[in-house]
Amino acid sequence: MAEENFDWMATANKKAKGKRPEYFDDPEDERMLSILMAVVGEVSVLRERMDTVERLLEAKGSINRADIESYTPDKQAAYERGAMIREYIYRVMRGPHQMVQELEQSEPPVEEVSRELKEI
């Protein structure tokens with residue numbers, strides 16, 4: 001498929017197949033998570049592109065769009081980028097991850113709570 005005939009907007013706006021996973025009871029929370037993850041993805045792409053620009057400028061002094069588009073990171077740069085992106089995602093997801101951990105902590109059975117209340 002030739003890139004000039006490819007409709008990027010139609011592809012980006014296509015509805016995913018299957019049922020959307022649900023993580024929250026409130027649909028608004030689901031929408032907010034979806035928006036957050038879309039923004040995280042976009043920022044991640046921008047960070048990689050900025051890394052490309054910085055590396056090229058450092059190596060060449062001046063660059064053009066073709067330099068940016070044709071850049072392929074070497075093994076070390078790819079490793080550094082991977083670490084940078086993982087760190088970024090860990091920071092963004094720290095709050096939701098902590099919320100899940102709190103939800104997973106087991107609560108005592110009702111009988112035990114009742115017994116403790118009687119002892120007060």
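Things worth noting here:
- Test: residue in segment 53-62 that is surrounded by 10 or more Cβ atoms within 10 Å (Cβ to Cβ) and either touching a residue at least 40 places away in the same chain (Cβ under 8 Å) or outside any helix (DSSP H, G or I) (or both): no
- Selection count where residues are closer than 19 Å to Lys75 by Cα and either of a type in the set (Val, Ile, Thr) or in contact with a Pro (Cβ under 9 Å, 6 or more places away or on another chain) (or both), scope segment 40-64: 6
- Cβ pairs under 9 Å, 6+ apart, first in segment 106-119 and free of Cβ contacts under 8 Å to residues at least 60 places away in the same chain, second in a helix (DSSP H, G or I): Glu107/Val113; Pro108/Glu116
- Residues in segment 39-58 that are farther than 14 Å from Glu69 by Cβ and not charged (D, E, K, R): Val39, Val40, Gly41, Val43, Ser44, Leu46, Met50, Leu57.
- Segment 73-87 residues that are small (Gly, Ala, Ser), paired with ones that are assigned to a helix (DSSP H, G or I) and surrounded by 11 or more Cβ atoms within 10 Å (Cβ to Cβ) (beta carbon under 8 Å, 6 or more apart): Ala77/Asp51; Ala77/Arg55
- Gly18 meets all of the listed conditions (1) among the small types (Gly, Ala, Ser); (2) at pLDDT 75 or above; (3) exposed (fewer than 10 other Cβ atoms within 10 Å of the Cβ) but one, namely (2).
- Residue tally, condition in contact (Cβ under 8 Å) with a residue 40 or more places away in the chain and of a type in the set (Val, Ile, Thr), over segment 21-46: 2
- Residues of segment 63-87 satisfying the condition of being of a type in the set (D, E, K, R) and part of a loop (DSSP other than H, G, I, E, B): Asp74
The values are calculated or read from the model by the stated rules, or taken from the named source; none is laboratory data. Since the structure is predicted, the reported quantities are computational estimates derived from the model, not experimental observations. For neighbour counting, all protein chains shown are included, and Cβ atoms are generated from backbone atoms with ideal geometry for every residue, glycine included.
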